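The values are calculated or read from the model by the stated rules, or taken from the named source; none is laboratory data. Bear in mind that the values here come from a model prediction, so they are computed numbers and not experimental data. All Cβ positions, glycine included, derive from the backbone under ideal geometry; neighbour counts span all protein chains shown. When the accessible area is computed, the model is the full protein with side chains, heavy atoms only, and any ligands, DNA or RNA have been set aside. Shrake-Rupley method; radii C 1.70, N 1.55, O 1.52, S 1.80 Å.
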Amino acid sequence: MGGIIQDNILQTGKDLYSQKAYSDALAFFLSLPSESVIDKVEVSYYLGLCYTKLKKYDDALLFLEQVVTSGTHLERVLQCRFLLAIIYALSGRKRLADFELNKLLETGYMTSSVYAAIAFVAWEQNDTEKCLAYYEKSLETDSENITSLNGLGYVLACEEKDLTKALTLCKKAVKSAPKSAACLDSLGWVYYKLGLYDDARQYLEQAEMLDKDNVEIARHIKALEKVKK
């Protein structure tokens, strides 16, 4: 009976979250009285998800860690551990990201997304071979993983290892995510490496329009401007 009551109380917040109204969902879960009988791990789970979606990563870490340390709801523990790894990687805390990803591997949680995250962290740590190997593993698990299509294509372009393959991968990523600044930037960078500068400009400028403050995109456009002079 208690579980039914709890589900009813939380349903409004869950609905808001599923509707991508993350700020409203966050406000709802924060408004729940601390002395209520509601499962606090459940609330922490949704607070962590909301803060993550809103890119308030320091706040997200607090609640995601509570879910992980609770040891309950295995699937949610694994999901939150994965989110912790991503946040740590994005914020430059590579050792912590490595720790969380290795814990996931130990549990057998070897999804395409986990492999992609390991590849991303390896790239940030200048371990190119490991990066390439794990992007390949990710695509073996899920050939449509956009993060890995884009990531592998970009790394191959940067390393000038197989520009034909890089172009195929990045085109596929853009076809699946035509409004992704990251994917458009990667495709533009591949064209730059191929010496096809007009095509490079087309995609790099689209990427810049979508993400004007991105340092990497700005660096790529600057490189293009130098060769076009």
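So here's what we get for this one:
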quantity: Whichever residue in the range 128-147 is more than 15 Å from Met110 (Cα to Cα) and in contact (Cβ under 8 Å) with a residue 12 or more places away in the chain and, among such residues, is nearest to the chain's Cα centre (by Cα); calculated: Thr147
quantity: Residues (under 21 Å from the mean Cα position of the chain (by Cα) and aromatic (Phe, Trp, Tyr)) located in the range 186-228; calculated: Trp189
quantity: Only listed residue being open to solvent by less than 70 Å² (accessible area, probe 1.4 Å), acidic (Asp, Glu) and at pLDDT 90 or above, chosen from Asp15, Asp39, Asp98, Asp24; calculated: Asp15
quantity: Positions within the range 112-121 being hydroxyl-bearing (Ser, Thr, Tyr) and open to solvent by 50 Å² or more (accessible area, probe 1.4 Å), in sequence order; calculated: Ser113
quantity: Of residues in the range 186-219 being among the charged types (D, E, K, R) and in a loop (DSSP other than H, G, I, E, B), the one surrounded by the fewest Cβ atoms within 10 Å (Cβ to Cβ); calculated: Asp213
quantity: Conditions (1) farther than 22 Å from Met110 by Cα; (2) within 15 Å of the chain's Cα centre (by Cα); (3) crowded, with 21+ Cβ neighbours inside 10 Å; (4) not small (Gly, Ala, Ser): number failed by Leu47; calculated: (2)
quantity: Neighbours by Cβ (under 6 Å, 6+ apart or cross-chain): first from the range 78-101, closer than 12 Å to Thr52 by Cα; second polar (S, T, N, Q) and at pLDDT 90 or above; calculated: Leu83/Thr52
quantity: Verdict on Tyr109 being touching a Lys or Arg at 6+ places or on another chain (Cβ under 6 Å) and farther than 30 Å from Glu205 by Cβ; calculated: no
quantity: The range 166-185 - residue that is among the small types (Gly, Ala, Ser) and outside any helix (DSSP H, G or I) and, of those, nearest to Leu224 (Cα to Cα); calculated: Ser180
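Residue-wise test of (1) more than 17 Å from Ser113 (Cβ to Cβ); (2) without any contact (Cβ under 8 Å) to a residue 60 or more places away in the chain; (3) surrounded by fewer than 16 Cβ atoms within 10 Å (Cβ to Cβ).
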residue	(1), (2), (3)
Leu149	no, yes, no
Leu156	yes, yes, no
Lys161	yes, yes, yes
Lys165	yes, yes, yes
Cys170	yes, yes, no
Lys175	yes, yes, yes
Leu184	yes, yes, no
